[in-house]
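Below: one structure, written as structure tokens.
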Amino acid sequence: MTFSTEKIRSAIDSRRTVAIVWAALWLLSLVALAARVPDGRLTDILSAGAPLWKTRVLTYLLHIAAITLSGLLLLRLDNACNLMQKRTWLPATLFFFFNACDPALADRFNIGIVMSPLLVVWLYLLFGSYQKPGQEAAFAIGLLISAAALLWPPTAWWLIAFALGLVYMKAFTWRSITALILGVATTVWLLYSIGQLFDLTLFYPFESFIDLDTHLPFAMQMGTDSDLIRFGIIVLIGIGSCLSGCYLISRNKIQIWRSNRFLEVLFLFVAADALLNPSRMGDFLPLLHLLAAQAGSYYLIHARNRYVAYQACVVAVVYLTLYLWNF
């Protein structure tokens, strides 16, 4: 590994440097919020006549809390499962960086940011079931994902991905798959009971799960053009990191190999889900950011070539350019 790459990695792993970087990223997101105040007056945010800006401030604080919690949970996941094979702040820092450069952090409510901590929890449950019966983890995953699908229906498709994850973790048995189904059935039963108790008709149309209209051009179904651009960039970063990491991961312990390979499969699955829901593509970006941050961190830590530092700089420049583009 070249000196420059080693120097960057050591700097990021320093708690003092990480604190400075996180403060700078927080400032970037705060500037993005302040730039959207009418006439540039910060006092307008808290004025009695600006309920929109009060809502934006609350949304911003909620996003920051969710990102911080996701970063801390990601650190816990990496350390508990030894996914990075060392203690490092890099995955959490990259995740914060990707989201800090996204205007959705300060511009509008993004369900994907709020779902990010849950995604890390599901991964923690899955990876902890390696070579175990896995009934408890499977039931919890089925229960939590189906419950999350009530708030955001596209999440329901992830049950398929996590069922494949049980295969990766060698925990796919008739008992674990039954537990997964029972977890989903528990949520459905509770939903039905609530509907009967309060005389409610709870129905989710198919468009709640997939809103792609094959009769319209894909570009016309997009929320904003910037979402498609950001989606393309993060997919390139994620796939590139995953493919590069495949060679590095293959030389390590089988549990780490299986865990990281499942993250690659999940990244492709979430990307496909985003393409099936073009009008909500922006909500999938934080989840892709999380998985790409994990894959990219492994590559930056373990790659042994002189181009790593330059590649990291290119990604940083691209995202900072996207950040400035939104002003």
- Under the classification rounded if a/c is under 1.5, otherwise prolate if a/b is larger than b/c and oblate if not, where does region 272-327 fall, given a ≥ b ≥ c as square roots of the Cα gyration tensor eigenvalues? oblate
- Message: Could you tell me the calculated FRET efficiency between Ala19 and Thr68, based on Cβ-Cβ distance and R0 = 22 angstrom, to the nearest 0.05?
- Response: 0.95
- Query: List the chymotrypsin sites (Phe, Trp or Tyr not before Pro) in region 67-175 that DSSP assigns to loop (not H, G, I, E or B) and whose Cβ has at most 16 other Cβ atoms within 10 Å. Which are they?
  - Reply: Phe109
- Query: Cα centroid distance between region 259-296 and region 59-101, in Å?
  - Reply: 15 Å
- Of all trypsin sites (Lys or Arg not before Pro) in region 62-119, which ones are in loop regions per DSSP and have a Cβ with at most 11 other Cβ atoms within 10 Å? Arg87
- Query: Where in region 225-280 are there trypsin sites (Lys or Arg not before Pro) that are in a DSSP coil and have at most 10 other Cβ atoms within 10 angstrom of their Cβ?
  - Reply: Arg251
- Message: Between Arg108 and Leu197, what is 0.36 nm times their sequence separation minus the Cα-Cα distance? Round to one decimal in nm.
- Response: 28.6 nm
- With label points set 7 Å from each Cα along the Cα-to-Cβ direction at Val317 and Gln255, the distance between them in nm comes to 4.2 nm
- Please give the length that would be gained between Leu182 and Ile210 if that part of the chain were fully extended, namely 0.36 nm times their separation in residues minus their C-alpha to C-alpha distance (nm, one decimal). 7.6 nm
- Note on the structure: Computed over region 75-176, the Cα gyration tensor eigenvalues, each multiplied by 5 and square-rooted, give semi-axes in Å (largest first) of 26, 20, 9
- Message: Suppose R0 equals 35 Å. What FRET efficiency, 1/(1 + (r/R0)^6) with r the Cβ-Cβ distance, do Asn305 and Val31 give to the nearest 0.05?
- Response: 0.50
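Read-outs: derived from the displayed coordinates by stated rules, not from any lab. On a predicted model such as this, the values are computed, not experimentally measured, just so you know. Note that we place each Cβ from the backbone using ideal geometry, even for glycine, and neighbour counts take in every protein chain shown.
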